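Each remark here refers to the structure printed beneath this line.
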Amino acid sequence: MVEDHEDCLSTMVEIVTLQGCEVRVARDGAAAVAVAREFQPQVVLLDLGLPVIDGYAAAERMRADPLTRDALIVAITGFGMRADKARSALCGIDLHLVKPVAFRDLVDLLHLRGA
């Protein structure tokens with residue numbers, strides 16, 4: 001879970017944890033890459049507007065790393081323009097969801113991937 005907004009982060013962590021998933025947290029893009037490399041998650045829930053490096057760059061780095069390239073990377077962001085979604089795809093992001101994300105959609109996504 002990568003999010004720099006504390007309220008959003010705590011809510012998302014609670015939802016994901018209640019689904020039985022093991023969660024690691026990062027609050028900026030550089031930390032996200034490091035945490036993902038160490039944890040090797042099945043799913044990365046990634047905000048795009050992050051400090052240090054943005055979510056787009058973090059996704060590119062995860063895709064370039066053999067330890068993290070197979071993770072499902074899901075942007076959960078306020079960036080919802082067509083250009084934002086196109087850029088996500090170019091950076092290796094598998095799915096681009098615009099905040100606020102429906103609880104049911106997040107739960108379905110986690111169960112689909114078996115996270």
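Since every read-out is calculated from the coordinates, none of them should be taken as a lab result. What you see is a predicted model; the values in this text were computed from it and never measured. Please note: Cβ atoms are built from the backbone with ideal geometry, for glycine as well, and neighbour counts cover all protein chains shown.
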Less than 14 Å Cβ to Cβ from Ala59, Lys/Arg counted +1 and Asp/Glu -1: what total charge do the surrounding residues give?
-2
Inter-label distance, nm, simple model (7 Å from Cα along the C-beta direction), Asp108/Ala83
3.0
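Between Arg69 and Glu22, what length in nm is gained on full extension when 0.36 nm per residue of separation is reduced by their alpha carbon distance?
15.0 nm
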Treat each spin label as a single point 7 Å out from the Cα along the C-beta direction, and report the Ile53 to Glu38 distance in nm.
1.7
When only alpha-carbon atoms count, how far does the stretch 6-113 stretch along each of its three principal axes, as whole angstroms with the largest first?
32, 30, 26
For the stretch 13-57 and the stretch 78-107, what is the separation of their C-alpha centers, rounded to whole Å?
15
Ascending count of other beta-carbon atoms within 10 Å, so fewest first, for Leu97, Leu50, Leu45:
Leu97, Leu50, Leu45
